[in-house]
Amino acid sequence: MNHAIAGNLSVPKYAEKMISTTKQKLKEVRQIWPDKPVYLIGWGPGAIVACTVSLTECVSGVIALGFPLLGIAGRRGEPNDPLFRMRVPTLFVIGGKANNNV
């Protein structure tokens, strides 16, 4: 994405763009390899994108590296957190000395 264009987007609009771009790439991958398992891998905000995409797209699993435990709305994991709806195997990797641990 062109940085000049990205600089004009709000955080929610940029996140929406990242999610839609990931879904489009997933469609492209499926056209080339329709019978292969697909795992989404993301780091930091990309981990949130991978988890979010897995809520609506069929993937084999998610690897979330450095998943942010704090977001704009506060701490993750509250009862209404959409990630509780995830139904695919998910590996969360957060280092013991990571600055995003709470």
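In this simple spin-label approximation, residue 55 and residue 87 carry label points 7 Å from Cα along the Cα→Cβ vector, and these lie 1.4 nm apart. Sequentially through the stretch 57-72, phi angles give Karplus couplings (6.51, -1.76, 1.60; θ = phi - 60°) of 10, 7, 10, 7, x, 9, 10, 10, 9, x, 4, x, 8, 10, x, 4 Hz, Gly and Pro residues having no value and appearing as x. If R0 is taken as 30 Å, the Cβ-Cβ distance between residue 69 and residue 32 corresponds to a FRET efficiency of 0.30.
Overall shape: oblate for the stretch 1-93, with the ratio a/c of the largest to smallest alpha carbon gyration tensor axis at 1.5 or above and b/c at least equal to a/b. Taking every lysine pair in the chain that is 8 or more places apart or spans two chains, those with Cα atoms closer than 28 Å amount to 9.
None of the figures in this text is laboratory data; all of them are computed from the coordinates on show. For clarity, every value in this text was computed on a predicted model and none was experimentally measured. When we count neighbours, we look across all protein chains shown, and the Cβ atoms used for this are built from the backbone with ideal geometry, even at glycine.
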